[in-house]
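The values are calculated or read from the model by the stated rules, or taken from the named source; none is laboratory data. Note that the coordinates shown come from a computational prediction; the quantities given were computed from them, not determined experimentally. Don't worry about glycine lacking a Cβ; one is built from the backbone with ideal geometry, like all the others, and counts go over all protein chains shown.
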């Protein structure tokens, strides 16, 4: 069977790049999506190709419906995407009374509107293959809440609800839809915001997770072995409740 084609939005970031590497290692042709991180994206694609994997970059703004549709129509000329990882997201934190409308809308647009624009463009071709995986990267903030992140929690909570509803719609089509909700994962952002004392207080395992650990879970959900798992929001957070 030819390699399945996978798209990872926000593929050049800490978690996104780990997911791209994981899917590439398991034989997928990986489209590494980015909007602004051109140098990092091109470096990741070259890294994957040097390792013998199949990968290419794709550029568009997930908040722009027309640009997203145009870019994905070009991708679909080569065949359907059967593994979609909606990973693109931004933070724009502020205490709610001080949060501007732009901060609210910007975070909602990337996580929630981005999910709609990308998934909507790719779903019918996926359905026609009678096999597919939609994996949405959520957050512990959507399950527990987090001070200063009402916008981010709202966006990811909506993605969780959409995950469950879409899973019902495509359950008979060989397509699973799940969300992965990471806790504190070692990335540039968490290193700036969570020191060892805070992590020790919040996480029973007394450590941050790694991007590779998140990617391994995504890789399992993308595999044939996960065919009976759908409509789930799966936490990976070191025991945070």
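Key figures for this structure:
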quantity: Residue selected from segment 48-57 under the condition in contact (Cβ under 8 Å) with a residue 24 or more places away in the chain and surrounded by fewer than 20 Cβ atoms within 10 Å (Cβ to Cβ), by the criterion farthest from residue 8 (Cα to Cα); calculated: 51
quantity: Check on residue 27, modelled with pLDDT of 95 or more, surrounded by fewer than 23 Cβ atoms within 10 Å (Cβ to Cβ), touching a strand residue (DSSP E or B) at 6+ places or on another chain (Cβ under 8 Å) and at positive phi; calculated: no
quantity: Subset of segment 80-90 (residues that are over 13 Å from residue 121 (Cα atoms), in a loop (DSSP other than H, G, I, E, B) and in contact (Cβ under 8 Å) with a residue 24 or more places away in the chain); calculated: 87, 88, 89
quantity: Any hit, segment 34-55, residues being touching a helix residue (DSSP H, G or I) at 6+ places or on another chain (Cβ under 6 Å) and under 22 Å from residue 112 (Cβ atoms); calculated: yes
quantity: Qualifying positions in segment 211-233 - in contact with a strand residue (DSSP E or B) (Cβ under 7 Å, 6 or more places away or on another chain), in a helix (DSSP H, G or I) and over 20 Å from residue 187 (Cβ atoms); calculated: 221, 226
quantity: Some residue of segment 64-78 being at positive phi and in contact (Cβ under 8 Å) with a residue 24 or more places away in the chain; calculated: no
quantity: Single condition residue 166 does not satisfy, out of (1) surrounded by fewer than 19 Cβ atoms within 10 Å (Cβ to Cβ); (2) in contact (Cβ under 8 Å) with a residue 40 or more places away in the chain; calculated: (1)
quantity: Extreme residue, farthest from the chain's Cα centre (by Cα), among residues of segment 18-46 that are closer than 14 Å to residue 84 by Cα and part of a helix (DSSP H, G or I); calculated: 24
